[in-house]
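K.L.:
Just dropping this structure here.
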Amino acid sequence: MRDHLVRGLGLGGRVRAVAADTTTVVQELQRIHQPTRTVTTALGRLATGALLLAASLEKVTRREPVLTLEVDGGGPAGRMFATASPAGWVRAFVANPGATAAPTEDGRLDVGTLVGREGHLSVTRDVGTGRPYRGLVPLFTGEIAKDLAWYLTESEQSPAAVVLSTSVEQHGGVSGASGLLLQLLPGVSEDEAGELTERVRGLGPLAEAGGGPSQWLESILQGGLDDVESKAVEFRCGCTKDRVLSALALIGAREVGGLLRDAERGTPTVMTCEFCRTPYEVSVGELQTVLGEIVAARLSLSVN
């Protein structure tokens, strides 16, 4: 079955449950960014985590709601960024896709060291009202799953279990990627929380658990999943030439003027999308238009 996400409510509406198979998504991220095995693992976890958290966003305006995860832990990978929608798409990038870290003592890929543990995790929810909500917590593992669980517990006062799995073969191919989120809502007793935790642990690595998102949730909630919804998930960027030109206008008149002079001398201006690596060549005429808009905006501000 193609990549998909399943969500629902368990324990009579007291547990929010989401699980996803994101194998093809992570394979596409690997194709685009050409990361090392460890970076692929980290980027896959971040993208999957973004999809899991975005699944709970509700549309309150005509604009599509989106959720953004940013991790900047001070490690070799640099800044990592993922944006997802409850509609089922996600995009992600990493500053240093070629970064490496030595394996752990037991031979596992050391995602924590690669990401770093001296920075922060930020979660931004934008439901389309023009007032995004941003939560920020310190990183304490760099492994991403535990950091997301810590964020939900500390910043949103909602205890959670988060499992993120990306399997990368020795030759570098992605053989599987998946994730699971259980969010405990008011009314869950300590005994019930303990039982759920043991069932999550009993699944083991999701890549080796067999079945799929529906089976994982049924195993943990023992068939008690209500309001079930399933949807396809995919990598999607959504960048356009117009968005590139809008971003170009933000760098300022001096910088755009310099690009214009270079373009007039024959050096093309090429803007590359960080998420999908699509290059956009900006013509002399387009640079002139952008520069004119920047100058006009400044004059308008000075007059007002």
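K.L.:
Per 5 Å bin, what percent of the C-alpha pairs of the range 80-128 does each bin hold, from zero upward?
P.N.:
With a bin width of 5 Å, the distribution comes to 5, 14, 20, 20, 16, 13, 8, 3, 1, 0.
K.L.:
Another question, if that's okay. Please pull out the direction-averaged projected area of the range 21-63, using the convex hull of its alpha-carbon atoms, in nm² to one decimal place. If you can, show how the numbers build up before the last one.
P.N.:
Details: hull surface 15.1 nm².
With every direction weighted equally, the projected area is 3.8 nm².
K.L.:
Separate question: Could you work out how far helix 284-303 tilts from the main Cα principal axis of the chain, as a 0 to 90 degree angle to the nearest 10?
P.N.:
90 degrees
K.L.:
Using DSSP, restrict attention to beta bridges with both residues in the chain and report what percent are antiparallel, rounded to the nearest 5. Numbers along the way, then the final one.
P.N.:
Working: 56 of 58 bridges.
The antiparallel fraction comes to roughly 95 percent.
K.L.:
Next up: Working from the pairwise distances between different alpha carbons, so that the mean of 1/r is found and then inverted, what is the range 185-289's Kirkwood radius in Å? Write down the numbers at each step before the final one.
P.N.:
Values: mean 1/r = 0.0529 Å⁻¹.
18.9 Å is the Kirkwood radius here.
K.L.:
Still on this structure, please answer the following. So for D262, D242, what's the accessible-area order with a 1.4 Å probe, most first? Could the numbers behind the result be given before it?
P.N.:
Working: D262 60, D242 110 Å².
So the residues, ranked largest to smallest area, are D242, D262.
K.L.:
Hey, what's the chain come to in accessible area per residue, 1.4 Å probe, Å²? Present the calculation step by step, with values, prior to reporting the outcome.
P.N.:
Details: 14870 Å² over 304 residues.
Roughly 49 Å² per residue, with all protein chains present.
K.L.:
At 222 nm, what helix-only mean residue ellipticity would the chain give, in deg cm²/dmol to the nearest 500, using -39500 (n - 2.57) for each DSSP H run of four or more? Numbers along the way, then the final one.
P.N.:
Working: 10 runs with 112 residues, N = 304.
Calculated from helices alone, the mean residue ellipticity at 222 nm is -11000 deg cm²/dmol.
K.L.:
Measure off, as a whole percent, the carbon and sulfur share of the 1.4 Å-probe accessible area of the range 106-253, all protein chains present. Before the final figure, lay out the partial values.
P.N.:
Values: 3690 of 7540 Å².
After summing per-atom areas, the C and S share lands at 49 percent.
K.L.:
Any idea what log10 I(q)/I(0) is at q = 0.24, 0.33 Å⁻¹ for the range 145-190, Debye with uniform C-alpha scatterers and no solvent?
P.N.:
Taken in order of the listed q values, log10 I(q)/I(0) reads -0.81, -1.11.
K.L.:
Take the alpha-carbon centre of the range 1-56, take the same for the range 228-274, and report the distance between them in whole Å.
P.N.:
After rounding, the separation between the Cα centres reads 27 Å.
K.L.:
What does the range 1-82 give for Rg and for Dmax, in Å, if only its C-alpha atoms count?
P.N.:
Just the Cα atoms of the range 1-82 yield Rg and Dmax of 14.9, 44 Å.
K.L.:
Which net charge results when you count Lys and Arg as +1 and Asp and Glu as -1 among the other residues whose beta-carbon is under 10 Å from that of L67? Could you put the intermediate results ahead of the total?
P.N.:
Details: positive: R125; negative: D126.
Every neighbour counted, the sum reads 0.
K.L.:
Looking at the range 49-139 from every direction and averaging, what is the projected area of its Cα convex hull in nm²?
P.N.:
Working: hull surface 26.5 nm².
Result: a mean projected hull area of 6.6 nm².
K.L.:
Using a Förster distance of 35 Å, how high is the FRET efficiency between R108 and Q288, based on the Cβ-Cβ distance and rounded to 0.05? Please report the intermediate quantities before stating the final value.
P.N.:
Values: r = 54 Å, r/R0 = 1.53.
Calculated value: 0.05.
K.L.:
Per residue and in Å³, how big is the convex hull formed by the alpha-carbon atoms of the range 85-210? Numbers along the way, then the final one.
P.N.:
Working: hull volume 21.2 nm³, N = 126.
Taking only Cα atoms, the range 85-210 has a hull volume of 168 Å³ per residue.
K.L.:
Just to confirm the number: angle between the C-alpha axis of helix 253-264 and the first principal axis of the chain, 0 to 90 degrees, nearest 10?
P.N.:
With both axes taken from Cα atoms, the answer is about 70 degrees.
K.L.:
Counting pairwise Cα distances across the chain, what percent come out greater than 29 angstrom? Write down the numbers at each step before the final one.
P.N.:
Details: 19073 of 46056 pairs.
Cα-Cα pairs of the chain separated by over 29 Å account for 41 percent.
K.L.:
A further question follows. To the nearest 20 debye, what charge dipole does the chain have about its Cα centre, counting +1 at the Cβ of each Lys and Arg and -1 at the Cβ of each Asp and Glu? Intermediate results must be reported in sequence, preceding the final value.
P.N.:
Details: 29 positive and 36 negative charges, 194 e Å.
Roughly 940 debye, rounded to the nearest 20.
K.L.:
Please work out how much accessible surface D191 shows to a 1.4 Å probe, ignoring ligands, DNA and RNA, in Å² rounded to 10.
P.N.:
Ignoring ligands and nucleic acids, D191 comes out at about 120 Å².
K.L.:
Moving on. In a shell of Cβ-Cβ distance under 14 Å around A42, excluding A42 itself, what net charge do Lys and Arg (+1) and Asp and Glu (-1) give?
P.N.:
Details: positive: R37, R45, R79, R108, R117, K146; negative: E70, D72, D110, E143, D147.
Net of charged neighbours comes to +1.
K.L.:
Set the Förster radius R0 to 30 Å, insert the Cβ-Cβ distance between A296 and T61 as r into 1/(1 + (r/R0)^6), and round the FRET efficiency to 0.05. Each step should come with its number before you reach the end.
P.N.:
On the way: r = 29 Å, r/R0 = 0.97.
The pair A296/T61 has a calculated efficiency of 0.55.
K.L.:
When DSSP assigns beta bridges and you keep just the ones with both residues in the range 47-116, what percent turn out antiparallel, to the nearest 5? Could the numbers behind the result be given before it?
P.N.:
Working: 10 of 10 bridges.
Close to 100 percent.
K.L.:
Using a 1.4 Å probe and counting only protein heavy atoms, arrange R117, R134 so the residue with the most accessible area comes first.
P.N.:
Details: R117 105, R134 130 Å².
Order by accessible area, largest first: R134, R117.
K.L.:
For the range 125-134, in order, what is each residue's ³J(HN,Hα) by Karplus, 6.51 cos²θ - 1.76 cosθ + 1.60 with θ = phi - 60°, in whole Hz (x at glycine and Pro)?
P.N.:
Those phi angles translate into 9, 10, 8, x, 8, x, 10, x, 9, 10 Hz.
K.L.:
Sticking with this structure for a sec: Determine the sum of side-chain charges near T24: Lys and Arg each +1, Asp and Glu each -1, restricted to other residues whose C-beta is under 13 angstrom from that of T24. Before the final figure, lay out the partial values.
P.N.:
Working: positive: R2, R31, R236; negative: D3, D21, E28, E234.
With Lys, Arg at +1 and Asp, Glu at -1, the neighbours total -1.
K.L.:
Probe radius 1.4 Å, ligands and nucleic acids left out: which of E169, E70, E28, E264 has the largest accessible area, and how do the rest follow? Provide the component values of the computation, followed by the final result.
P.N.:
Numbers: E169 80, E70 35, E28 55, E264 110 Å².
From most exposed to least exposed: E264, E169, E28, E70.
K.L.:
Still on this structure, please answer the following. Determine ³J(HN,Hα), in whole Hz, for all residues of the range 83-99 in sequence, where each value follows from phi through the Karplus function 6.51 cos²θ - 1.76 cosθ + 1.60 and θ = phi - 60°; x replaces Gly and Pro.
P.N.:
Each residue's phi maps through the Karplus curve to give 10, 9, 10, x, 6, x, 9, 8, 9, 7, 8, 9, 5, 10, x, x, 5 Hz.
K.L.:
If the chain between K231 and H171 were fully stretched, how many nm would it gain, using 0.36 nm times the residue separation less the Cα-Cα distance? Numbers along the way, then the final one.
P.N.:
On the way: separation 60, 0.36 × 60 = 21.60 nm, distance 3.11 nm.
Contour length minus Cα-Cα distance gives 18.5 nm.
The values are calculated or read from the model by the stated rules, or taken from the named source; none is laboratory data. It should be emphasised that the depicted structure is a prediction, and the values quoted were computed from it without experimental measurement. Every residue, glycine as well, gets a Cβ built from its backbone with ideal geometry; the counts of neighbours run over all protein chains shown. Remember, those area values only see protein heavy atoms, side chains included, never the ligands or the DNA or RNA. Shrake-Rupley method; radii C 1.70, N 1.55, O 1.52, S 1.80 Å.
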